[in-house]
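Notes follow the structure.
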Amino acid sequence: MIAIWNKRREPLRAGRHEGLPPLDTDLRALAMAVVPEGETLPLRASPHARKRFEVRRDLVGKSELAALNALLIAHLRKQSYPDHAPQLFRRIWTEEADHLLQELSSRWLISSAITFGDHGETEAQRRIGLAMNVLFSQMKLYEFERVHSGVPADQPFRPRPGVKQILPMDLPGFALLSGGLDINLLAQIWSMALEEPIAGRLACHLLDKLNDDPRSLFRRISLMRADLIARRAAKAAGQAD
């Protein structure tokens with residue numbers, strides 16, 4: 001696993017006259033400029049040039065600032081990167097968060113939040129980034145596995161009280177009505193994020209988007225609880241009659 005991981009983390013070497021813009025680059029000007037269509041990639045392109053081409057192709061019509069943010073993320077995931085890359089990334093999110101929060105898709109917002117895990121300036125920023133990494137990486141794993149169940153993401157399973165199942169590593173089961181695992185998980189991240197103005201603001205924005213999405217595990221758990229409460233109430237009413 002470590003060998004595969006390290007292979008994916010080989011640095012994005014740049015060719016002559018290539019590289020990231022300087023730390024003092026005009027971010028406002030980049031926010032106003034748009035990534036054009038029709039850019040081409042030379043046959044003998046450096047790893048930096050190939051990655052730059054890929055992210056710009058994905059972000060056609062978005063701002064040059066969005067493209068720079070994506071390219072910085074790509075570099076910062078590697079074993080080494082230009083010395084000023086972490087500071088330039090943090091500068092973008094300190095000065096131009098309003099622009100990017102409105103422009104970027106959830107995919108790039110999550111990637112940005114995760115990047116703070118390794119490259120946050122403070123322990124608080126790094127803790128938030130790591131928490132978002134675990135949360136959304138686990139979500140991607142279990143939600144994609146769920147696709148193969150054939151059940152739509154916004155359709156909860158029918159709660160079956162009394163079902164007992166041995167979970168991996170002998171973990172205890174989760175009580176839908178009285179269990180607080182989902183609340184404890186989200187509340188702790190939300191609480192950390194509220195106290196941090198840069199990475200925390202990004203994390204809060206993502207948690208709000210998660211709350212608004214009807215296809216998440218947390219929404220399904222809420223619906224399963226409501227269904228279980230309703231069936232218990234109906235059963236109690238029938239017994240009373």
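Of note:
- A Förster distance of 45 Å, applied to the separation of the beta-carbon atoms of Glu18 and Arg158, puts the FRET efficiency at 0.20.
- For Arg225, the shell of other residues with beta-carbons less than 12 Å away shows a net charge of +2, using +1 for Lys and Arg and -1 for Asp and Glu.
- Shown here for region 118-198: trypsin sites (Lys or Arg not before Pro) in loop regions (DSSP other than H, G, I, E, B) with at most 11 other Cβ atoms within 10 Å, namely Lys164.
- FRET efficiency for Ala29 and Leu130, using Cβ-Cβ distance with R0 set to 45 Å, rounded to 0.05: 0.85
- The number of Lys pairs in the chain with C-alpha atoms less than 27 Å apart, excluding pairs fewer than 8 positions apart on the same chain, is 13.
- Averaged over its residues, the chain has an accessible area of 64 Å² per residue, based on protein heavy atoms and a 1.4 Å probe.
- Here the calculated FRET efficiency for Leu194 and Ala3, from their Cβ-Cβ distance with R0 = 41 Å, stands at 0.55, rounded to the nearest 0.05.
- Restricting the GluC sites (Glu not before Pro) of region 136-241 to loop positions (DSSP other than H, G, I, E, B) with no more than 16 neighbouring Cβ atoms within 10 Å leaves Glu195.
- Gyration tensor verdict on region 165-241 (Cα atoms; rounded if a/c is under 1.5, prolate if a/b is larger than b/c, oblate otherwise): prolate
- Direction-averaged projected area, Cα convex hull, region 92-193: 9.0 nm², rounded to one decimal.
- Our estimate of slack between Lys209 and Leu177, defined as 0.36 nm per intervening residue step minus the Cα-Cα distance, is 9.1 nm.
- Size of region 136-189 from its Cα atoms: along the principal axes, largest to smallest, the extents are 31, 27, 23 Å.
- Within the shell defined by Cβ-Cβ distances under 10 Å, the residues around Ala124 carry a net charge of -2, with Lys and Arg each +1 and Asp and Glu each -1.
- The alpha carbon convex hull volume per residue for the chain rounds to 183 Å³.
- Under the combined filter of DSSP loop state and at most 12 neighbouring Cβ atoms within 10 Å, region 35-105 retains these GluC sites (Glu not before Pro): Glu37, Glu39.
The values are calculated or read from the model by the stated rules, or taken from the named source; none is laboratory data. Please read all numbers here as calculations on a predicted model, not as lab measurements. Glycine gets a Cβ as well: all are built from the backbone with ideal geometry, and neighbour counts include every protein chain shown. Accessible surface is based on the protein model in full, side chains and every heavy atom, while ligands, DNA and RNA are left aside. Shrake-Rupley method; radii C 1.70, N 1.55, O 1.52, S 1.80 Å.
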